[in-house]
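Student: For reference, the structure I am asking about is given below.
No lab work stands behind these numbers, since they all come straight from the coordinates. Note that the structure is predicted; figures quoted are calculated from it, not measured. FYI the Cβ positions are ideal-geometry reconstructions off the backbone, even for glycines, and counts take in every protein chain you see.
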Amino acid sequence: GDIGTHLYGHKPIRGASYSKFTDEKEMALVEKTIKAGKFLFGTCRGSQLLTARAGGWLIQHVRHPSNHNVTTDDGLEFSINSCHHQMCYMYDLPEKDYQLYAWATELSPTHIIQGDVELDFDEKTLDSKGLFKEPEIFYYPKIKAICAQNHFEWDSNSKMGYKFINDIIREKLNK
């Protein structure tokens, strides 16, 4: 399910639905984990919840095919899956507050935000070809949260993806 826009201060788009009860229960667990100084790992909804907690927000509607390629910050490409129709947006945060590890390049034909309007892309969100970098795998250092918008547990074909995310987890845990 979607996370509520109340978690990041936006108005919901037409047709949005969420459970405030679920949001509050899950955010309480996030807060407890942060307070304990432990690392967080969120996939799909979990990454969206952690994005809101880190100060980011969500593009409320995108259309992704279930399998697609991502590019990493070190130039690797591999296939992942996703079923999300919301997308994490951390680009308004100071660059020191997030690390983008992997992205799809302008995969969704639509990026709807509050007010039911299409997002205007800021230059800092674009790759060298001028295409929007749709966040897929990222890290929020202030809350020690590793996030992936995809579902690695659904994809037995993404050996590179598994290795990539496990390397990030090992790196962060060993610091």
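Student: Under 1.5 on a/c is rounded, so check that first for segment 49-142, then, if it is not, pick prolate when a/b is larger than b/c and oblate when it is not; a ≥ b ≥ c are the square roots of the alpha carbon gyration tensor eigenvalues.
Tutor: It comes out rounded by the Cα gyration axes.
Student: In terms of modelled amide H atoms, which long-range or inter-chain residues lie less than 5 Å from the amide H of G42?
Tutor: Those qualifying (amide H under 5 Å, at least 5 residues apart or on another chain) are I146, C147, A148.
Student: How far apart, in nm, are two points set 7 Å out from the Cα along the Cα-to-Cβ line at R63 and at K32?
Tutor: With each label placed 7 Å out from Cα toward Cβ, I get 4.1 nm.
Student: Something else now. With just the Cα atoms defining each centre, how far is segment 123-164 from segment 30-98? Give it in Å.
Tutor: Centre-to-centre distance over Cα atoms comes out at 7 Å.
Student: Something else about it: How big is the dipole moment of segment 1-131 about its Cα centre under a simple scheme where the beta carbon of each Lys and Arg is +1, that of each Asp and Glu is -1, and everything else is neutral? Debye, nearest 20, please.
Tutor: 640 debye
Student: Please provide three numbers in whole Å: the alpha-carbon extents of segment 56-105 along the principal axes, with the largest listed first.
Tutor: Result, largest extent first: 30, 29, 12 Å.
Student: Next question. Can you give the relative contact order of segment 75-172 as a percent, counting alpha carbon pairs under 8 Å and 6+ residues apart?
Tutor: This gives 36 percent for segment 75-172.
Student: Follow-up question, since we're still on this one. What would the Debye formula give as log10 I(q)/I(0) at q = 0.15 Å⁻¹ for the alpha-carbon point model of the chain, no solvent?
Tutor: Computed log10 I(q)/I(0) values: -0.84.
Student: Which number gives the lysine pairs in segment 51-175 that have C-alpha atoms under 24 Å apart and are eight or more places apart or on different chains?
Tutor: Lysine pairs satisfying the spacing and distance rule in segment 51-175 number 23.
Student: Next question. Can you list the HN-Hα couplings for segment 125-142, worked out from phi with the Karplus curve (6.51, -1.76, 1.60; θ = phi - 60°), rounded to whole Hz and with x for Gly and Pro?
Tutor: 8, 9, 7, 5, 9, x, 9, 4, 8, 7, x, 10, 10, 7, 9, 10, x, 4
Student: Then there is this: If you take the charge dipole of segment 1-97 about its Cα centre, with +1 on Lys and Arg Cβ and -1 on Asp and Glu Cβ, which of L49, N81, P94 is farthest toward its positive end?
Tutor: L49
Student: Taking the dipole about the Cα centre of the chain, with the C-beta of Lys and Arg at +1 and of Asp and Glu at -1, give me whichever of M27, N150, H111 is farthest to the positive side.
Tutor: Comparing the listed Cα positions along the dipole, M27 ranks first.
Student: For K11, project a label point 7 Å along Cα to C-beta. Then give me every residue of segment 105-143 with its amide nitrogen under 11 Å of that point.
Tutor: Residues passing the 11 Å test: 114-117.
Student: List the residues, sorted by chain then number, that are 5 or more residues from Y101 or on another chain and whose placed amide H is less than 5 Å from its amide H.
Tutor: The list, which skips near neighbours in sequence, is I137, F138, Y139.
Student: Do the sum for the chain: with -39,500 (n - 2.57) for every DSSP H run of n ≥ 4, divided by all residues, what is the mean residue ellipticity at 222 nm, to the nearest 500 deg cm²/dmol?
Tutor: After summing the helix terms and dividing by residue count, I get -7500 deg cm²/dmol.
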